[in-house]
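Asks: Mind looking over this structure? Questions follow.
The values are calculated or read from the model by the stated rules, or taken from the named source; none is laboratory data. Everything quoted here is computed from the prediction, not taken from an experiment. So basically every Cβ, Gly included, is an ideal-geometry build from the backbone, and we count neighbours across all protein chains shown.
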Amino acid sequence: MKRNRMLLAVIFTLVALLVFAACNRNGEDTADDPVDEDTTTVENTPEPDEPDVEPDDEYDDEILEVHTDELDPDHPLYQLSRLQEQFPLMSGGRSTGERMQGGHLTHGFGHADPAPGVFNAVFWISGIDADLMMYLGVTTSVFSMTPAMMMGQDGIAQYEVDRENQRIIVRQVEDVYWHDGTPLTLDDLLFAHEVIGHADYTYAAGTRFGLNQQRITGMMAYHRGEVDYISGLVLSECQRELIFYFDEFPPTLLYFGLWSAPYPRHIFGDVPIAEHTEHYRSRSHPIGWGPFMVENVVPGESVYAVANPNFWLGAPHLDSVVTRIVHPDMISSMMLNGDLDVVGWRLQDFPDLPNPTNFMYLGDVANMYNWVAFNLGDWDGEQGRVVPYEEPRMGSPYLRRAMAYASNEALLTEGLFNGLRLPATSFIPPAHSLFLDPTMVGFPYDPERAVELLEAGGFHIGEDGWRTFPDGSELEIHFVISGADDDSQVIVATHYQQAWNDVGLNVYIDWVDWTAKTANIFHADNWEWDVTTAAWGAGANPDPNVLWGHTSNNRARYMNPTLEAHLALFGSDQAWDTEWLIEQFHAWQWMMFEYIPAFPTNWRLSLTAVNNRVGGYFIGLAPDGIRTRGGTHHVYVTADAPYRN
């Protein structure tokens, strides 16, 4: 098997259809059927390709590979694959002791501010809270995950795909329990959709009410309050079978296009949605069904949890774990002193300790990318649509393209992140390399080209030394960014500001809180911001509609008829033809290059430091595909306390 399996080969398969009873091993109970912005560009824009073959009756299960060996060694994708080979995916290679049964582990999460402490699968907003929940199993999918990041069949539920009727039949095959002893059923999965799709669900800017939820038959009528149920979700009487009916049925639904984390109806069913985030089961005593049960929370600081003896895969090896929020500047000393067993490692800190003696580094290609986006429209929450501005301040593709070429991403990734980040060439991350067009080169640093574009677009230097709009009016670019207390983020912000200043653009930085930014600035029908940058965790689903379609996640709020028509192809029946789908992904990537509502900036390696006494910790996907962070049900220790330097 190739070492970097997620990068060198992505297997795009349709799982075998499974036939078994819904309620019990021999039962017969089943569910019933449910009653223009100016698109002028500097270069020609590719049109969507028409399919030249009819979709196959059965999905193409051929193994398709992206061979990085065939790429130019200077290509970031090639370099990233070689970086990954330098680090293992699982800990344990340095341990000198015997595996203990029991023990305690301390997991650190680097964060400059206290964690918000919303340990709720539906209502979390902070990545720190999400990490803690994934680690402790507070939020866990009912499905396993395959190496290609598709929904697998090794979780507590399995599924059957019925293309003819545009439905997915989910069947619970394991008896599992919430941490309070209440049986978990697929009614809890139905309840999660009822909450996410409810009109009152506005927390986290409603980001979980995305395209795939809206594709469920009857979801929009429920969201608008026209009915009090979701007609496309049909639960069997025994609550062990849930059928999903869809108005659009693309194959990307199998890439965790289904919301698959149950939400306990017996806890939150009678609680008003506005009160879920403050409920004690979201704060002081969060509830899940994973390998560890929370016993104590010190708000903003730590979470203490003990082994769940009733975990469906068996009790974990460890007796207990504590997760601590630690300041990023303290991570190195705490690992050397043996105060932590596991912690995420900042890439900029790697040169300080390249060869530690008491811990090791695990490394994997992060399934995410950073980007810069321009303010080109607004979001209509009632209609669920992006609404482009008629005359956006950043509307000229000459200006946007110039800002992309003026950004020296190679200098930033090498200087600040020590070559462990690399310039991104596409909005498809390397983990989805099946769909990534390897001919894309992105926007390599070219300030001369940037100046040429600005001049061609009419953005000339004014009397004050700064460029103006083509009509001669003042051009001040409002750059909003979060992370003022993070030294590396300050460097990133000033780097972009200086790069754009160097080509004559007057850019000023406005530091904002991420929560406020999401809730207010990006939802306001105004021009309070012009450009921003952030990271996007791409997740398992590669469908570009998830981030760049008609969704509140679309930070640029950009759309035009050609792009909209092409995005619709990903929801078509033709998308089940693998080769045709790949062509549409490639065409979309070039469209984003031409229209440039945003541009990708970097891909990255993810590093985790693990004490030498810890074994069985995975930075990637655990072999059984069960989605708990680090595969915590596999983790064990070989000594009573962490080794010190």
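For (1) more than 28 Å from Thr252 (Cβ to Cβ); (2) modelled with pLDDT under 95, each residue gets a yes or a no:
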| position | (1), (2) |
| --- | --- |
| Val492 | yes, yes |
| Asn526 | yes, yes |
| Gly537 | no, yes |
| Asp543 | no, yes |
| His550 | no, yes |
| Leu563 | no, no |
| Ser572 | no, yes |
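Asks: Report whether or not Thr182 is within 30 Å of Pro291 (Cβ to Cβ), β-branched (Val, Ile, Thr) and surrounded by fewer than 17 Cβ atoms within 10 Å (Cβ to Cβ).
Replies: So Thr182 passes the test.
Asks: Can you list the helices (runs of 4 or more DSSP H) lying wholly within the range 375-480 that have 1 or more residues being in contact with a Pro (Cβ under 6 Å, 6 or more places away or on another chain)?
Replies: By residue number, 397-406, 409-415.
Asks: How about the range 154-178: which of its residues are in contact with a strand residue (DSSP E or B) (Cβ under 6 Å, 6 or more places away or on another chain) and basic (Lys, Arg)?
Replies: Hits for the range 154-178 are Arg167, Arg171.
Asks: Right, something else. Identify, by number, the condition in (1) of a type in the set (S, T, N, Q); (2) surrounded by 18 or more Cβ atoms within 10 Å (Cβ to Cβ); (3) closer than 11 Å to Ile509 by Cα that Thr468 doesn't meet.
Replies: Condition (3) is where Thr468 drops out.
Asks: Within the range 541-600, considering only helices (runs of 4 or more DSSP H) that don't extend past its boundaries, which have at least 3 residues that are under 18 Å from Ser396 (Cα atoms)?
Replies: 561-569, 578-595
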